[in-house]
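Novice: My questions all concern the structure below.
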Amino acid sequence: MRVFSLLVIVAAIAGYNLMQKEQTQTQELAELTKKVEALENQQTELLTAMKEAAEKKQEQEAEKTADAKSQKSTGDSDAENGSSTEEGIYADGTYTGEGSGFGGTIQVEVTLEDQEMTDIQIVSASGEDAAYLSQAEGVISVILDGQTTAVDTVSGATFSSTGIIQAVNDALGKAENS
């Protein structure tokens, strides 16, 4: 009888410990799920803010381009103001360039109009990690906004953004030689 009672007590303690362990795991899982949801919400908010900023910059660039075209059409040129203009450095068109990213070669197309970069598209980057590449693509808007490749790389995607910058420089070099 004592052995039976002892076995019942041991079984009860083991069952209790098992229930406590399951309950603790369930609570930890619920906490982790909440944290993941909070991080996903933050990511969504950041992506939305980045898209809005990019759209705003595109609108500003469109306004600048429209202003420049209207100034040209009203006859407000450098020649009329007494300053001389040199022939442009770059020929209009779309040029392909390559650079070295984290996972290999990154190929871009740079579109030039009236001595300005109007568009940069990534043509191929098959060796790049998608997450790093999407982060690095933020450097494109910075290049277009400043009309220069002398920009900072994207933190967390340094090699990929460096590859994009190199590829744009390569394309611009081809535009100079046209």
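The values are calculated or read from the model by the stated rules, or taken from the named source; none is laboratory data. It should be emphasised that the depicted structure is a prediction, and the values quoted were computed from it without experimental measurement. Ideal geometry is used to build each Cβ from the backbone, glycine not excepted, and the neighbour counts take in all protein chains shown. We work out accessible area using only protein heavy atoms, side chains counted, and drop any ligands, DNA or RNA first. Shrake-Rupley method; radii C 1.70, N 1.55, O 1.52, S 1.80 Å.
Novice: Return the pair list, or none, for Cβ contacts closer than 9 Å from residues in region 102-129 that are on the phi > 0 side of the Ramachandran plot to residues that are hydroxyl-bearing (Ser, Thr, Tyr) and outside any loop (DSSP other than H, G, I, E, B), at least 6 apart or on different chains.
Specialist: The qualifying pairs are 114/65.
Novice: Out of 45, 22, which single residue is among the acidic types (Asp, Glu), within 29 Å of residue 127 (Cα to Cα) and either at pLDDT 90 or above or surrounded by 10 or more Cβ atoms within 10 Å (Cβ to Cβ) (or both)? Step through it out loud before you land on a result.
Specialist: Details: 22 fails: within 29 Å of residue 127 (Cα to Cα).
The match here is 45.
Novice: Sort through 160, 178 and tell me the only one that's at pLDDT below 95 and farther than 27 Å from residue 60 by Cβ.
Specialist: Numbers: 160 fails: farther than 27 Å from residue 60 by Cβ.
Unique residue meeting the criteria: 178.
Novice: So, in region 1-34, how many residues would count as being within 30 Å of residue 131 (Cβ to Cβ) and either charged (D, E, K, R) or outside any helix (DSSP H, G or I) (or both)?
Specialist: 3
Novice: So in region 75-94, with the set limited to residues that are exposed (fewer than 10 other Cβ atoms within 10 Å of the Cβ) and among the acidic types (Asp, Glu), which one is modelled with the highest pLDDT?
Specialist: Step by step, filter region 75-94, then rank; the result is 87.
Novice: Same structure, new question: Right, residue 37: part of a helix (DSSP H, G or I) and either open to solvent by 100 Å² or more (accessible area, probe 1.4 Å) or under 30 Å from residue 146 (Cα atoms) (or both) or not?
Specialist: Criteria not met by residue 37.
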